[in-house]
Amino acid sequence: MAAAPDKSSAGPALLEVREVSKSFGAVAAVQGVSFPLYAGEAHALVGENGAGKSTIVKMLAGVHRPDTGTLAVNGTATEFTGPADAKAAGIAVIYQEPTLFPDLSVAENIAMGNQPLTRLRQIDRRAMHTNAARLFARLGVHIDPDRPARGLSIADQQLVEIAKALSSEARILIMDEPTAALSGVEVERLFTVTRALRDEGAAIMFISHRFEEITALCQRVTIMRDGKHVCTELVADLSVDDMIRRMVGRDLSALFPKQDATIGETVLEVEGLGREGVFRDISFTVKAGEIVALAGLVGAGRSEVMQAVFGVDRYDTGSVKFLGKRLKAGSPRAAMAAGMGLVPEDRRQQGLIMELSVERNVTLPRSRALAKLGLLFGGSERQEARSWTEQLHTKLGRLSDPVGTLSGGNQQKVVLAKWLATSPKLLIVDEPTRGIDVGTKAEVHRLMSSLAARGLAVVMVSSELPEVLGMADRIIVLREGHIAAQLTRDEATEESVMYAAMGQVAA
Amino acid sequence: MSELKRKLAGWDTIIIALTVVVLVIASLGVPNFGTSRNFTFLVLDLMPILLVALPMTFIIVTGEIDLSVASTLGLASSIMGWLWNQGLSIESIIPICIIAGAVLGALNGFLVTGLGLPSLAVTIGTLALYRGLALVVLGDGAVADFPFNYTGWVTGTIGGGSIPNVLILIVALAVIFGVVLHATPFGRSLYAIGANAEAAHFSGIRVARTKFWLYVVSGAVAGLVGVLWTLRYSSARADNGAGLELAVVAAVLLGGVSIFGGKGSLPGVLAGVVLLAALQNALRLQDVSGQALNIVTGALLVLSVLLPNIATSIRSTWQRRRLRRAATV
Amino acid sequence: GGTTKDSASDSGPAAAQSGAADPNAKLKEGLKIAFLPKQLNNPYTDVEVGGGKVAAGELKGEYKLVGPNDASASSQVSYINTLIQQQQDVIGIAANDPNAVCPSLNQARQAGIKIVAFDSDASKDCRDVFINQATTQGIGESLVKMASELAGGEGEIAILSATPNATNQNAWIEVMKTELAKPENSKLKLVKTAYGNDDDQKSFQEAQGLLQSYPNLKVIVSPTTVGIAAASRYVSSSNYKGKVAITGLGLPNQMREYVKDGTVKKFALWNPADIGYLAAYAGAALASGQITGKEGEKFTAGKLGPYTVGAAGEIVLGPPTEFTAENIDQFNF
Amino acid sequence: MTTAVASKPKRPQFSLGGVLKTRELGIVVALAVLVAYTAISNPRFLSGQSVRDILLNTAIIAVMAAGQAVVVITRNIDLSVGSVLGLSAFTVATMMSANPGLPMVVALLVGLAVGGAAGLLNGVLVRYGRVPALVVTLGTMYIFRGLTYSWAGGQQVNADELPRHFLQFANASFLKIPWLVLIALIVVGGVSLVMRNYRVGRELYAMGSSPQAAELAGIKVSRNLLGAFIVSGALAGLAGVLFAARFGTVDAAAGTGYELNVVAAVVVGGVAVFGGSGTVWGAGLGALLLTVIGSALTVLDINQFWQQAIVGALIILAICADRLVAVRIARSLRKKDSHV
Ligand SMILES: Nc1ncnc2c1ncn2[C@@H]1O[C@H](COP(=O)(O)OP(=O)(O)OP(=O)(O)O)[C@@H](O)[C@H]1O
Ligand SMILES: Nc1ncnc2c1ncn2[C@@H]1O[C@H](COP(=O)(O)OP(=O)(O)OP(=O)(O)O)[C@@H](O)[C@H]1O
Ligand SMILES: [Mg+2]
Ligand SMILES: [Mg+2]
């Protein structure tokens, strides 16, 4: 880990946040926060879900205007009227949620805004293609620059976003949870590139809920709680526990509190499942009270498998048995009726309906059960929603607010609430703790294991090895769409899983 | 701002209020507007738009659209005339026409959900197709000799009083559609589909099937309206109801339904229809020319969305000002 | 069982005929006379109702003009309803559909309003009289006569009509067919009847279609002012000019150019202004009880002189005028 | 309309260039077949006069389709084009009949200006009023038409009131190509080029593909959107002038109902109504196809009553064909992926 060259802090701040505040209606998202971004330094911004990190990012990007306070670029106070201004000021941003143009090619997505031009001021397609290819090579990813962005997995989308940010050769690079969707390997590649940029004198702002990443990349950290600035310190001076304590405001119980559950009868039997071009002969079983993890590199097809099992996606061969009965293919409704639930990996597109209120989202799969004589009366839905959001300590204004106004992590909690409300026998969770802060993460893990203890069967798709190793009774490793290994809790180690996932010894 | 206040700020509420105001002013200010006979005329004039608007609201809430309704109406009318000439009994013709409408709707539904074609494009196509078929069925002729006890019923009033017979039908259907949209799981699923079809799919909602049936219903209602139209004007023609589709869409949007789906309420739509019909009726009584009516319709349509937006943006800027001031002192 | 076409009792109760006519009754003043043409913003219509306005002035009555923008069947009904509300004395209507307007017209008559159909008739049992611009027979004949002259007695001719269900056009076309069936016209061949829907562009393209499909076409007969103007314009601008003759019913002002440049040799029309004028007087006569619409009743229509109600309440304006390069400049409408 | 991923064709821009071509190729083939069949049953269909007529009839719709395509690509729609055509046509016609001395250029410029102004109004309402385009343009469709009516009233500008050179413009030609057609070609070609090869064009695609992302990417969304609507309006205005020159007789009803034809042309031409994909010249081809269908049916002497039905059926077929191609592309993509 490259320790921070402390002189940098002496140098002038490339960008300085001064006493900024921002509120949305009643919610005070950010209140009087200040911190500097120094050249040649990576600066971490940490805080619980809803602490206000993304809001700050959006102010730096010119998306939101601060209600009060100012931003200073090279010491001079400036007002961003829109993202264009921020760009002009040399700020490149990777937003928490991917922002690609699905109909345009990947290369064009990357070049958008500063496409290479021929002398006739026409766009130089060849140059554009080669630029994209070069960036991907640098990040060591394999995406065809000429394919449209539509259909990319979240992970691939995230990688394109990164390439986009790098291409603009900005002096200030702001990354809002860029690693949330990535697995170890990509994260390492991202870090190498970022370090290079930093050493070339760029200022980096990095947001993540994974402390090992922060200690690995950043020299300075700013901690936020409930929209307020807690402190800005050198990472070297703080232990992870200090950080967590300051950001949560209390001591935390351990992560991954896996309690042993009595394994019951088989709930799910998947037989030789396959889908042309995505996955093939996938067979496994899940028993009541068991937590089975699906590990593997991004793009291994884990989400596709589980989506096919749940019926939102088709499969060409094989069968799915639930509690001994064969499940109708391609029918989420049948799966739900049988007692299955799926917390999808893509919150915005698949998990939630952003325009609808929190309560409507939570009770959507349950509306039939909640109806009396086929009719729904507001009360029943609201009570249901309240009880579940409170159980998960969701930070929200009103239950009737559009769920889109919640912070990333709180949105994730709403998705969990939505599916726990259906009291399923088998719960499939795809990246359940993606973009969730440590506090919530601990809660989610405790929740999962207590549910398992009560006899719920859980399938967990996760790219976070510690989580996989900590939570799972059994680990199924996918590689390029087929099962590379099935490991019991005792056999599983970082090495054994990575080995199976990559098909060679992990360096 | 409180639950209630936010509800009050909604478009549909504004439209409802506006409608009431217009009705009051008209019946006080416009001679002959308040009369019971005029009420009958008013109801008869708004009947087709209102009935077709009910399923159209559902469809637009799911983010789709059906521009073929008016042509379906015309085709149903032609079929009615043709069958009548074949000597079938009117009692059997009416259900046949409604079913025919349903079938036409099903074709739309299949093209949209089965083949996944954009509904705007598809229904522009069927708009031409169905109108053409209407001409094929009935040609340029018009069939007129429908039995008076039916034509009379449509134009007549309950016991010769001031309440038109068709009003019963209108109210009944409006109530049914309203309850389904606003107080049933099915209604909820429509909003979900309109706001984000993929997420709805992930929540176990049968997106395609739901949309398909909406088109079937839309077609059936259009067929029914085709029958009513034919009886009202005691004239079955291929060009009946031509151009009605845009009037209906206009009324639905005026009622505060979002063209992107996921937003809107049925009371708003009803208000929208009544508002347009009442305005036109009143202005006509005042000898305002048809062209002026066009302008009013268009202006209302735009303003109904524009004004609330302006209001909210003013409110928010004002709020930001206050915050800044608060910060400086 | 059920109600079928045959078992159906015929349409509603026709309004009670107001008592016997009193030929010497004085024409009332201050009558409210409303005109409801097929559609507004159509030059022909404007000339027509213009005549009505003049007459209303002479009669010291209140003249009113209302009407839809589109010539669709049902759009006239709401206007009739409005006129009933406004308690007019006379409604002059050119029906877009003889039946669609019937129920409302009968309501109007029950409310004591006199109905004068002009230009395009409403069905007989829902209007008092019909002002016929010329006998259907007369127009049909003169159309065929002109066509035959222009074709030199033999060859292919085609008709470019208005909407497929325009009452009067279809009636004329029927007569033309019977005329063409006669031996003296045996060499004339009617190859096609096209419909321009009284829409300028559609008529224009239909004319194109005719000329492409029928290379040996000699004459296009267009019994509608919109159609004849469009056809003439197309021919005058295409290389068919001089090869194909155009005739039919047209407005001198619209046709003047094509008559001058030789595209059109001759065409016919009655004076539309007179139709409105006569309609207004007939309405006044009805409202004053001079006539009731029965055959044989007589009344005087101002400058046009005396008229007699014919069979089925028809009042015929008179024979149409033929326009040629010689006389066209004497007319301005 | 909904952006339901399920019903959204997965389709590349200019990558897989071959496949992209096939999308418009479909229309070209359809055209060829139709023309061939018609010509066989009636050779005069290919006679100079006839071809000339078809091209002349296409010109007006094609010009409007080009503008419409730009707007649709930005995930908007402009239903007011028919009324704008009417307004501009009547304005120009009255102007020319009032002072016959004016050169053609002035007429064209006035038409463009009138249309541009109308488009600007639409754009402002959509962008700054945050009113959905369909609502705005449905409203202005009524408004502009109403204005024209109340201004024109009954009066109608007849061919004999218009100056020769103005009417000549419709038929007169420049190296054998009628001006009308030439203008249409220039418009469609020019707009296509801008949309395909210039930044602003790609930005319009981006805006249609994901409005939110476009904002975040710092694209000058307001400027571009206003631009798109102004182009659509101005071209409708231009079409108005061409209309007046071609048909000589202009009344307040000119261009009524055109909006649906134009949208149909654009859709048949393979521009997705969800925005973000499709090409302008595709839309131009769509316009041509629809006109050819129209005149072919008249030439083939198909029963008057069947014609409209057939047009409708063909529109639907065209859309289905487009969809098929799209699906094929999506498949080929999936394959590519799986072997990463
Ligand atoms: N557009 C908006 N409208 C209303 N409230 C908002 C909006 N954006 C954010 N908020 C609120 O502001 C607060 C901070 O949100 P923000 O996204 O900045 O949190 P965060 O630190 O990024 O959380 P996470 O780690 O989950 O991303 C949250 O309470 C959220 O509900
Ligand atoms: N919507 C989609 N359309 C086309 N291909 C897709 C889509 N989603 C994923 N893929 C492809 O399917 C394969 C597996 O997808 P995905 O990346 O979701 O697998 P995964 O193991 O779930 O990875 P992760 O869950 O970490 O994102 C990848 O090749 C990806 O490119
Ligand atoms: Mg965030
Ligand atoms: Mg996944």
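The values are calculated or read from the model by the stated rules, or taken from the named source; none is laboratory data. Not measured: the values here are computed from a predicted model. Every residue, glycine as well, gets a Cβ built from its backbone with ideal geometry; the counts of neighbours run over all protein chains shown.
For (1) at positive phi; (2) in contact with a helix residue (DSSP H, G or I) (Cβ under 8 Å, 6 or more places away or on another chain); (3) not in a helix (DSSP H, G or I), each residue gets a yes or a no:
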residue	(1), (2), (3)
A:G113	yes, yes, yes
A:A127	no, no, no
A:V185	no, yes, no
A:F206	no, yes, yes
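For region C:67-81, check the following and say yes or no: at least one residue is without any contact (Cβ under 8 Å) to a residue 12 or more places away in the chain and under 20 Å from B:N32 (Cβ atoms).
Yes; the residues of region C:67-81 include at least one that is without any contact (Cβ under 8 Å) to a residue 12 or more places away in the chain and under 20 Å from B:N32 (Cβ atoms).
Test of understanding: among D:G146, D:G82, D:G129, which residue is under 21 Å from the mean Cα position of the chain (by Cα), at negative phi and within 13 Å of another protein chain (Cβ to nearest Cβ)?
Result: D:G82 is the single residue among D:G146, D:G82, D:G129 that is under 21 Å from the mean Cα position of the chain (by Cα), at negative phi and within 13 Å of another protein chain (Cβ to nearest Cβ).
Can you pull out the strands (runs of 3 or more DSSP E) entirely within region A:35-79 that have at least 2 residues that are in contact (Cβ under 8 Å) with a residue 12 or more places away in the chain and closer than 25 Å to A:H393 by Cα?
Output list reads A:41-47.
Only one of these is among the aliphatic types (A, V, I, L, M), within 16 Å of ligand 3 (Cβ to nearest atom) and over 19 Å from A:P178 (Cα atoms): A:A89, A:A29. Name it.
Step by step, each of A:A89, A:A29 is checked, and only A:A29 is among the aliphatic types (A, V, I, L, M), within 16 Å of ligand 3 (Cβ to nearest atom) and over 19 Å from A:P178 (Cα atoms).
List the pairs whose first member sits in region A:159-187 and is more than 14 Å from chain D (Cβ to nearest Cβ) and away from ligand 2 (no atom under 16 Å from the Cβ), whose second member is of a type in the set (A, V, I, L, M, F, W, C) and in a loop (DSSP other than H, G, I, E, B), and whose Cβ atoms are under 6 Å apart, counting only residues at least 6 apart or on separate chains?
As it stands, the answer is A:R171/A:A202; A:L173/A:A202, since those pairs meet every condition given.
Per-residue answers, yes or no, for (1) surrounded by fewer than 20 Cβ atoms within 10 Å (Cβ to Cβ); (2) of a type outside the set (S, T, Y):
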| residue | (1), (2) |
| --- | --- |
| A:A39 | yes, yes |
| A:H43 | no, yes |
| A:V46 | no, yes |
| A:S54 | no, no |
| A:L71 | no, yes |
| A:T78 | yes, no |
| A:T81 | yes, no |
| A:G113 | yes, yes |
| A:A133 | yes, yes |
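Please determine whether any residue of region A:135-155 is within 16 Å of ligand 1 (Cβ to nearest atom) and among the β-branched types (V, I, T).
The answer is yes; a qualifying residue exists.
Filtering region C:105-146 down to residues that are small (G, A, S) and within 23 Å of C:L317 (Cα to Cα), which residue is surrounded by the most Cβ atoms within 10 Å (Cβ to Cβ)?
It comes out as C:A117.
For region D:211-234, enumerate the residues that are facing another protein chain (nearest Cβ under 9 Å) and buried (at least 24 other Cβ atoms within 10 Å of the Cβ).
Once the filter is applied, which keeps residues that are facing another protein chain (nearest Cβ under 9 Å) and buried (at least 24 other Cβ atoms within 10 Å of the Cβ), region D:211-234 yields D:A214, D:I219.
For region A:414-438, give me each residue that is within 16 Å of ligand 3 (Cβ to nearest atom) and under 22 Å from A:L182 (Cβ atoms).
A:V415, A:E431, A:T433, A:R434, A:G435, A:I436, A:D437, A:V438, listed by residue number.
When you scan region A:395-418, do you find a residue that is within 16 Å of ligand 4 (Cβ to nearest atom) and modelled with pLDDT under 90, even just one?
The answer is yes; a qualifying residue exists.
Do we find that A:V57 is facing another protein chain (nearest Cβ under 8 Å) and either within 16 Å of ligand 3 (Cβ to nearest atom) or among the basic types (K, R) (or both) in this structure?
Against the criterion (facing another protein chain (nearest Cβ under 8 Å) and either within 16 Å of ligand 3 (Cβ to nearest atom) or among the basic types (K, R) (or both)), A:V57 does not qualify.
Mind listing whichever residues of region A:169-183 are of a type outside the set (D, E, K, R) and either within 16 Å of ligand 1 (Cβ to nearest atom) or touching a helix residue (DSSP H, G or I) at 6+ places or on another chain (Cβ under 7 Å) (or both)?
The answer is A:L173, A:I174, A:M175, A:P178, A:T179, A:A180, A:A181, A:L182.
Please specify each residue of region A:384-404 satisfying the condition of being under 23 Å from A:D176 (Cα atoms) and either assigned to a helix (DSSP H, G or I) or aromatic (F, W, Y) (or both).
Across region A:384-404, the qualifying residues are A:V403, A:G404.
Would you confirm, using the coordinates I've provided, whether D:L238 is assigned to a helix (DSSP H, G or I), surrounded by 24 or more Cβ atoms within 10 Å (Cβ to Cβ) and either within 14 Å of the chain's Cα centre (by Cα) or at pLDDT 95 or above (or both)?
yes
What is the number of the single condition among (1) over 30 Å from C:I157 (Cα atoms); (2) surrounded by fewer than 24 Cβ atoms within 10 Å (Cβ to Cβ) that C:Y277 does not meet?
The one condition C:Y277 does not meet is (2).
Given the structure, is B:L129 within 14 Å of chain D (Cβ to nearest Cβ), in contact with a Gly (Cβ under 6 Å, 6 or more places away or on another chain), buried (at least 19 other Cβ atoms within 10 Å of the Cβ) and modelled with pLDDT of 90 or more?
yes
Pick from region A:153-169 the residues that are more than 14 Å from ligand 4 (Cβ to nearest atom) and part of a loop (DSSP other than H, G, I, E, B): which of them is surrounded by the most Cβ atoms within 10 Å (Cβ to Cβ)?
A:S168
Looking at (1) within 16 Å of ligand 1 (Cβ to nearest atom); (2) at pLDDT below 90, which is the only condition A:N361 fails?
(2) is the only condition that A:N361 fails.
I need the helices (runs of 4 or more DSSP H) fully contained in region B:183-274, keeping only those with at least 3 residues that are among the aliphatic types (A, V, I, L, M), more than 11 Å from every other protein chain (Cβ to nearest Cβ) and surrounded by fewer than 24 Cβ atoms within 10 Å (Cβ to Cβ).
Answer list for region B:183-274: B:207-232.
State all residues of region A:117-136 that are more than 8 Å from chain D (Cβ to nearest Cβ) and at pLDDT below 90; if no residue qualifies, say none.
A:T118, A:R119, A:L120
Out of curiosity, is A:S407 of a type in the set (G, A, S), more than 25 Å from A:L182 (Cβ to Cβ) and either away from ligand 2 (no atom under 16 Å from the Cβ) or assigned by the TED database to the domain that holds A:P178 (or both)?
no
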